[in-house]
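In what follows, a structure is listed as structure tokens, so that the remarks can point back to it.
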Amino acid sequence: MSGIPIRLRIAVVVSGATAQRRLAALLARNGHEVVELAAAPDAILTDGTIDSSMPASAVTIGSVEGDFAGWLPPDATAEQIDAALRAVAAGLTVRGPIPQNRTFGPLAEEASPVLTPREIEVLAALRDGLSNKAAARRLGISPHTVKFHIESLFKKLGAASRAEAVVKGLKRQIVEI
């Protein structure tokens, strides 16, 4: 059975020695090994020093591929950090609760609007570059209904074009590439 190892190899990249010791101790208590960034870690734990869009007080998690893979509040518990690291090592994205005044990171734009499941399907069709007619065929609805959903997406996402709707959907992680 392949999967996530019980003991992860985690690189800790932080700006201060105190934060380095605190996070290394937290990882050790959870049975993980702290390794250098160059040592092919399973995940990276940082205080935002890798990603300048994050405040130094946040706990951010990066994947080995260098992608931003997660965000936790600075008061995240050891259990939350452990679970987040395991999720990132498994290839998942992690998001902690978003404070009301959050103004940084990939979710900095306003909170994602509530889209219906059908609107998300139409947005995915737009992402795939489908015409209204092709999207209608894929979804088993009429082209007129697709057009209706696109107009609704434009309003909810604050977009003026199909491309802008897709970009906003990707940024807000409503759809993926």
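The values are calculated or read from the model by the stated rules, or taken from the named source; none is laboratory data. The structure displayed is predicted, hence computed values, not measured ones. Don't worry about glycine lacking a Cβ; one is built from the backbone with ideal geometry, like all the others, and counts go over all protein chains shown. Side chains included, ligands, DNA and RNA excluded: accessible areas come from the protein's heavy atoms. Shrake-Rupley method; radii C 1.70, N 1.55, O 1.52, S 1.80 Å.
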Those residues of the range 14-35 which are over 18 Å from Arg86 (Cβ atoms) and part of a loop (DSSP other than H, G, I, E, B), in sequence order | Val14, Ser15, Gly16
Please work out which residue is nearest to Ala89 (Cα to Cα), limiting yourself to the range 10-32 and to residues that are exposed (fewer than 14 other Cβ atoms within 10 Å of the Cβ) and of a type outside the set (Lys, Arg).
-> Gly31
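Residues checked against (1) touching a strand residue (DSSP E or B) at 6+ places or on another chain (Cβ under 9 Å); (2) at pLDDT below 80:
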position: Gly3; (1), (2): no, yes
position: Val13; (1), (2): yes, yes
position: Gln20; (1), (2): yes, no
position: Leu23; (1), (2): yes, no
position: Asn30; (1), (2): no, no
position: Val34; (1), (2): yes, no
position: Asp47; (1), (2): yes, yes
position: Ala56; (1), (2): no, yes
The one condition Asp51 fails out of (1) in contact with a Lys or Arg (Cβ under 9 Å, 6 or more places away or on another chain); (2) modelled with pLDDT under 70 is (1)
Pro97 meets each of (1) at pLDDT below 60; (2) under 25 Å from Asp42 (Cα atoms); (3) open to solvent by less than 30 Å² (accessible area, probe 1.4 Å) with one exception, condition (3)
Within the range 144-177, track down each residue that is hydrophobic (A, V, I, L, M, F, W, C) and on the phi > 0 side of the Ramachandran plot.
-> none
